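Here's the structure we're looking at; comments come further down.
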Amino acid sequence: MAVCVAVIAKENYPLYIRSAPTENELKFHYMVHTSLDVVDEKISAMGKALVDQRELYLGLLYPTEDYKVYGYVTNSKVKFVMVVDSSNTALRDNEIRSMFRKLHNSYTDVMCNPFYNPGDRIQSSGSDAAEPGFPVITTWIPTCEKRMGGRPGHGPCPLGFPRMPRPLTAW
Amino acid sequence: MDAPEAPLPPVIYTMENKPIVTCAGDQNLFTSIYPTLSQQLPREPMEWRRSYGRAPKMIHLESNFVQFKEELLPKDGNKALLTFPFLHIYWTECCDTEVYKATVKDDLTKWQNVLKAHSSVDWLIVVVENDAKKKNKTNILPRTSIVDKIRNDFCNKQSDRCVVLSDPLKDSSRTQESWNAFLTKLRTSLLMSFTKNLGKFEDDMRTLREKRTEPGWSFCDYFMVQEELAFVFEMLQQFEDALVQYDELDALFSQYVVNFGAGDGANWLTFFCQPVKSWNGLILRKPIDMEKRELIQRQEATLLDLRSYLFSRQCTLLLFLQRPWEVAQRALELLHGCVQELKLLEVSVPPGALDCWVFLSCLEVLQRIEGCCDRAQIDSNIAHTVGLWSYATEKLKSLGYLCGLVSEKGPDSEDLNRTVDLLAGLGAERPETANTAQSPYKKLKEALSSVEAFEKHYLDLSHAAIEMHTSIGRLRSAKFVGKDLAEFYMRKKSPQKAEVYLQGALKNYLAEGWALPITHTRKQLAECQKHLGQTENYLQTSSLLASDHHLTEDERKHFCREILSFASRQTDSPGQKIVLPLHCFAQLRDLHFTPSNAVVHVGGVLSVEITLCSQMPMPVQVEQVTINVHFSIDKNNYRKTAEWLTKHKTSNGTINFPTETSPLPAPQNNLPALELYEMFERSPSDNSLNTTGIICKNVHMLLRRQESSTSLETSSGVALEDGAHVLKCSGVTLEPGANRITFRTQAREPGTYTLRQLCASVGPVRFVLPHLYPPVQYDVYSQEPQLRVEPLADSLLAGIPQKVKFTVTTGHYTVKNGDSLQLSNAEAMLILCHAENRAVIYSNTRAPVTGGESSVLGMTESHRKHKDTQKAGQCMATTDHKVSIDCPWSIYSTVIALTFSVPFRTTHSLLSAGTRKYIQVCVQNLSELDFELSDGHLVDPDSNADLRLVPLNAKSPQTLYNVRAEILPPSGTEHCRTGSLCSLEVSITRLSDLLEVDKDEALTESDEYFSTKLMYEVVDNSSNWAVCGKSSGVISMPVAARATHRVHMEVMPLFAGYLPLPDVRLFKYLPHHSAHSSQLDADSWIESDGLSVDKHVDEQPDGGGGRCRGSAHLASGGEHRGLPMPRLQALPPGQVFNASVGTQVLVIPSKDDHVLEVSVT
């Protein structure tokens, strides 16, 4: 299980960042932010590889004494960063990959949500970060409050809008 | 011969070892051959085919030739590989049967028996043949016989075990050949022996590994076995294979630790769990650390010992393989791994011990790598080493904190005790580094020795790490190390040094919108600024923190109180104001005017209500809230405002402000929204869609360079505006959240008032919103009536009649019946006024005031020139004419100046040719209007009889008719197609009224109405078109300007492509000299149904192309009458202008499929 999961916009600001346990939140924020250096390096090293041949999983970004930081980048340069406890030896590369893939699916769902404005921060409906399923967040619904605040033209947020069908993704 | 007497104890420096080959038989012979042999053997590589599907390798063989002794042969159970003799060679140069039988055979037999006893099967017998020797003997046998005998006696079925080497010391081709054959045999035998013996060894090793679950199994024993294999590979220079052995051992050990953590403990592992007592770091300067190796062999190694030894071997091999950067990467993994493993195994480690170990190890690895790479290589591989640098920095930092070296007071006795303990665990410096000035050991010892030394070393390391991170573009990491440094400086009470690092980091976090790091860094910065006494910056940071929702309520209140207490302290000494941005203190949400259209008359009362959302966690008493207002007496009447109002203001008069700079600034919020439009580009020929796309109309806004200094922490940008016009509201308490504040003002001067700045004052602190956006204005209008006079065109031209518009804004004045405007004007300006012209009053229903407009000056407006070319650069001269207007509402006259431009420029010159003089007068039109110059002549004012002026202006041919033809595709289709009927529209326009040239036979007059007869004819010389129906006809053309005849006929394109239009020719139709010609002529044009007179309703086009009559119809019709033919006269050149000459029309091929019949005979 990851201790911190972050979705970071193309412009490198966090769209979603959540850690468990929450008391060390700040440390993880710093860690994830610093890891963007390596993400940038890896992305630029990836260079002009053809889009469909490109590996989205960036692998281990850097290890620290206590944590391992893994990265993943979507084709639209949205980054996923996951921090895993070093002592958690059960997590192999394959598990990390599949966690990222699930995260990507969830993110794709959010993007398909008609009420989500790309670039807005993502609110997770999975309120308890310590839930066993962490970090795989099942639904992210932008809150109505935010909608109403930002754009006066928008009508009230319909309650319980239907979830969009999952798009066909190549991953 | 360099054969060691006894190869035991085991070799250490494996690189200097070579596989052992024993030599038996004639030692003198071998000694003579040895130099050539040892030189020739490694010269050519040999392919080594490997077992277990491993890839074959090319290998250069070398050997250590030693004298054969029985002790060299391994006894059963001896696993030593390094001392294992891989091949035994028996050397003889015997060529005498007697000698052979007497001594050599016995010796060989003995040798063979010893080998058999040790079941050693890797042997070779070399018979050296020497011609010189042979010749001396009398009882020589053929060479072959001895070899055959040996083969017969010893090489049972393996005749290739006996090799002949002929004249080895001679320089002949035969010698060379024989050497080559021998060397090949030797190499092959060696490799076969390797394969066999190593394979056997590996099998044994695997068997041993499989027993690892058995109780008595020892990792250390197994380690020694597998390392032996690694040594052999290293000896054979197969470093890759050697490394694999160590990596396998590494993985095996790691797996045990993991399993141990999972509760599956192996008892041998408990030994590795002994408390850490020594932490002297990695030693990488020797190929083999024998001390540690012995510890492992004796099963006394700790976890750190084992790991250190393993890594030192991996490091040595990686460096042999020239992969220093992998060493760095693996080192970091190792150090992290060890820390984790010690935790997992719950090994007791004194505090700081691991930090020491890691610090020493990092530096050792870095120095080792630096030792084998040049500067350029190191500089281009910083990415690989920077991790170790940062790690070392981090560890030194925590050691410093642990030992009390990072404080103002310095270490206390407890700290010193701890330091002593830590230094004790380092032991004495190793001899390898004793002479190195900058050895990790010395560095650490020095760094822990005093506060100053620590500072020096820590700063050195930190700066090096920051520099390295920066140089490879890892700015975030650099900032992060910088923040540690700032923390250090804060502890050392040097806030001025900390500030720059904190600002740098904060800027980075702000730019990328990382909320928590922003808050945290800001908190540190606040402390720093407080220490530095940067009041303004501190207050600004405090206000940002007080409004920061990521802090606890208490922390926010603390920072809010900081501001308030500062404000209250400063009230007694009114000094400088402190200007801070408003947005972090409170945010302007909306603004509402009463009256809601924000238009008031002079003296009226306007109230402005704003909603200010306080960001503070507690109520704040604000002395005054002011809005700075900019006043402009503008030409804007209320109407512009009204227009603006409908655009920008919501119906209830409330203006909403975007939530400016949210507490988490995301970079994308600062950019304007994309304005995208669809774009379609159609082909000009067939109107098909060529390109489609999306155009961004505000690229200039989006691609604008982002100002890098958008830091919110610098308060420099905010400037207080001082204006005469201010809206004020005093004594406001801002509660957390929304607050409504109302400003009242009485309108004074008429004009537009723009709300500029919003300012809230708390003591000397001013929270300022420097710009209100969207712009907010209110207008004050005067109630005095106003009169405005303006031309209808852009400018007035002197000399021609034009219209001028009078606009009266009545204001409070009511227009009474009979009110008049009395104009007194200068003589040079005439007022052309129609007697019946009265002012029409338009009243603007929307506006509270009525206005009147009237056109006073009237004449036909001239045509504007259709000038595509830019205006001629010349400026027109202007003259001003003043008009004085007496208005009924005022006793004073209003004087208005009207500016007239002179449209012409005239130049003249006198030219001579011989005795003649020519006067040239040029009149140039500078205006945009078309003027027609006519009847130009020069007059001599003195009426001098001697002067005769002869005009030279040639009469320009007058164009009388304009002929325009146009081909239109059938209705409902876009293009003409071959074979389908299209309509040809011909319009003939008379351009002038009756002229002298018209007076001929064709002219007829009735009731002062003149008309002339013309015949048109459509001819297509290039046979592109088939004209259907009549191709010619006679029309009676009214002789009046702009009289138009339209003729409609049908044509059919015969080809596809861009076809020129058929020619339309025009002739004068002169009647035959006959009395009743007019009657006939009338008939002749009336009967043609293909033509229509102007304004005649066009015939409905036929559905299909069925109506197609022969073009001979007209001609035959004419002949039918049997009347004399009228005369046709061509119009003189210049009288007809063909407007559509050169035009082409696109005809596309018809889509019909044509059946082509082909007959085959």
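The values are calculated or read from the model by the stated rules, or taken from the named source; none is laboratory data. Note that the structure is a prediction, hence the values are computed from the model and not measured. So basically every Cβ, Gly included, is an ideal-geometry build from the backbone, and we count neighbours across all protein chains shown. The area values use the complete protein model at the heavy-atom level, side chains included, leaving out ligands, DNA and RNA. Shrake-Rupley method; radii C 1.70, N 1.55, O 1.52, S 1.80 Å.
Some observations on this one:
Here's the yes/no breakdown for (1) closer than 22 Å to residue B:241 by Cβ; (2) at pLDDT 90 or above; (3) within 14 Å of chain A (Cβ to nearest Cβ); (4) in contact with a Cys (Cβ under 7 Å, 6 or more places away or on another chain):
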site: B:299; (1), (2), (3), (4): no, no, no, yes
site: B:306; (1), (2), (3), (4): yes, yes, no, no
site: B:310; (1), (2), (3), (4): yes, yes, no, no
site: B:314; (1), (2), (3), (4): yes, yes, no, no
site: B:318; (1), (2), (3), (4): yes, yes, no, no
site: B:328; (1), (2), (3), (4): no, yes, yes, no
site: B:332; (1), (2), (3), (4): no, yes, yes, no
site: B:338; (1), (2), (3), (4): no, yes, yes, no
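- Test result for residue B:368, open to solvent by 60 Å² or more (accessible area, probe 1.4 Å) and touching a residue at least 12 places away in the same chain (Cβ under 8 Å): yes
- Only listed residue being part of a strand (DSSP E or B), within 14 Å of another protein chain (Cβ to nearest Cβ) and open to solvent by 10 Å² or more (accessible area, probe 1.4 Å), chosen from A:62, A:70: A:62
- Taken over region B:898-928, the criterion of being closer than 20 Å to residue B:792 by Cα and at pLDDT below 80 is satisfied by B:928 alone.
- Yes/no for residue B:387 being at pLDDT below 90 and either part of a loop (DSSP other than H, G, I, E, B) or in contact with a helix residue (DSSP H, G or I) (Cβ under 6 Å, 6 or more places away or on another chain) (or both): no
- Checked against (1) under 23 Å from residue B:508 (Cα atoms); (2) under 13 Å from the mean Cα position of the chain (by Cα); (3) in a helix (DSSP H, G or I), residue A:110 passes all but condition (1).
- The sole residue among B:647, B:640 that is modelled with pLDDT under 70, within 29 Å of residue A:119 (Cβ to Cβ) and open to solvent by 70 Å² or more (accessible area, probe 1.4 Å) is B:647.
- Boolean, residue A:55 is without any contact (Cβ under 8 Å) to a residue 60 or more places away in the chain and more than 14 Å from chain B (Cβ to nearest Cβ): yes
- Matching residues in region B:34-93 - criterion: being within 60 Å of the chain's Cα centre (by Cα), free of Cβ contacts under 8 Å to residues at least 60 places away in the same chain and open to solvent by less than 40 Å² (accessible area, probe 1.4 Å): B:42
- Being under 26 Å from residue A:31 (Cβ atoms), open to solvent by 20 Å² or more (accessible area, probe 1.4 Å) and hydroxyl-bearing (Ser, Thr, Tyr) holds for only one residue in B:471, B:407, B:450, and it is B:471.
- Counting the residues of region B:580-594 that are within 15 Å of residue B:538 (Cα to Cα) and part of a strand (DSSP E or B) gives 2.
- The test for being surrounded by fewer than 21 Cβ atoms within 10 Å (Cβ to Cβ) and within 14 Å of another protein chain (Cβ to nearest Cβ) does not hold for residue B:358.
- Pair list, Cβ under 6 Å, 6 or more apart: region B:670-694 residue over 28 Å from residue B:1146 (Cα atoms) and part of a strand (DSSP E or B), other residue modelled with pLDDT of 80 or more and open to solvent by 60 Å² or more (accessible area, probe 1.4 Å): B:676/B:694; B:677/B:695
- Subset of region B:260-317 (residues that are over 17 Å from residue B:224 (Cβ atoms), of a type in the set (A, V, I, L, M, F, W, C) and open to solvent by 50 Å² or more (accessible area, probe 1.4 Å)): B:260, B:262
- Selection over region A:12-41 of residues that are of a type in the set (Val, Ile, Thr), facing chain B (nearest Cβ under 9 Å) and within 14 Å of residue B:516 (Cβ to Cβ) gives a count of 3.
- Matching residues in region B:110-160 - criterion: being aliphatic (A, V, I, L, M) and modelled with pLDDT of 80 or more: B:114, B:115, B:117, B:121, B:124, B:125, B:126, B:127, B:128, B:150
- Any hit, region B:774-785, residues being open to solvent by 50 Å² or more (accessible area, probe 1.4 Å), assigned to a strand (DSSP E or B) and of a type in the set (A, V, I, L, M): no
- Listed by first and then second residue, the pairs linking a residue in region B:745-764 that is closer than 26 Å to residue B:577 by Cα to a residue that is assigned to a loop (DSSP other than H, G, I, E, B) and among the acidic types (Asp, Glu), with Cβ atoms under 8 Å apart and 6 or more places separating them unless they lie on different chains, are B:756/B:721; B:757/B:721.
- Consider region A:17-47 and keep the residues that are touching an Asp or Glu at 6+ places or on another chain (Cβ under 9 Å) and outside any helix (DSSP H, G or I). The one that is surrounded by the most Cβ atoms within 10 Å (Cβ to Cβ) is A:19.
- Screening the candidates B:884, B:943, B:912 for the property of being small (Gly, Ala, Ser), open to solvent by 80 Å² or more (accessible area, probe 1.4 Å) and over 30 Å from residue B:981 (Cβ atoms) yields one hit, B:943.
- Members of region B:923-936 found to be surrounded by 10 or more Cβ atoms within 10 Å (Cβ to Cβ) and of a type outside the set (D, E, K, R), listed by number: B:923, B:924, B:925, B:926, B:927, B:929, B:931
- Those residues of region B:1054-1063 which are open to solvent by 20 Å² or more (accessible area, probe 1.4 Å) and not aromatic (Phe, Trp, Tyr), in sequence order: B:1054, B:1056, B:1057, B:1060, B:1061, B:1063
- Of all residue pairs spaced 6 or more apart or on separate chains, those with beta-carbon atoms under 8 Å, a first member in region B:229-258 that is at negative phi and within 14 Å of chain A (Cβ to nearest Cβ) and a second member that is open to solvent by less than 40 Å² (accessible area, probe 1.4 Å) and of a type in the set (D, E, K, R) are B:254/B:341; B:257/B:341.
- All of (1) part of a strand (DSSP E or B); (2) closer than 20 Å to residue B:1048 by Cβ hold for residue B:1004 with one exception: (2).
- Any hit, region B:268-283, residues being within 14 Å of chain A (Cβ to nearest Cβ) and within 47 Å of the chain's Cα centre (by Cα): no
Matching residues to (1) over 27 Å from residue B:494 (Cα atoms); (2) open to solvent by 60 Å² or more (accessible area, probe 1.4 Å); (3) at pLDDT 90 or above; (4) of a type in the set (Gly, Ala, Ser):
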{"residue": "B:529", "(1), (2), (3), (4)": "no, no, yes, no"}
{"residue": "B:538", "(1), (2), (3), (4)": "no, no, yes, no"}
{"residue": "B:542", "(1), (2), (3), (4)": "no, no, yes, yes"}
{"residue": "B:560", "(1), (2), (3), (4)": "no, no, yes, no"}
{"residue": "B:566", "(1), (2), (3), (4)": "no, no, no, no"}
{"residue": "B:574", "(1), (2), (3), (4)": "yes, yes, no, no"}
{"residue": "B:603", "(1), (2), (3), (4)": "yes, no, no, yes"}
{"residue": "B:616", "(1), (2), (3), (4)": "yes, no, yes, no"}
{"residue": "B:626", "(1), (2), (3), (4)": "yes, no, yes, no"}
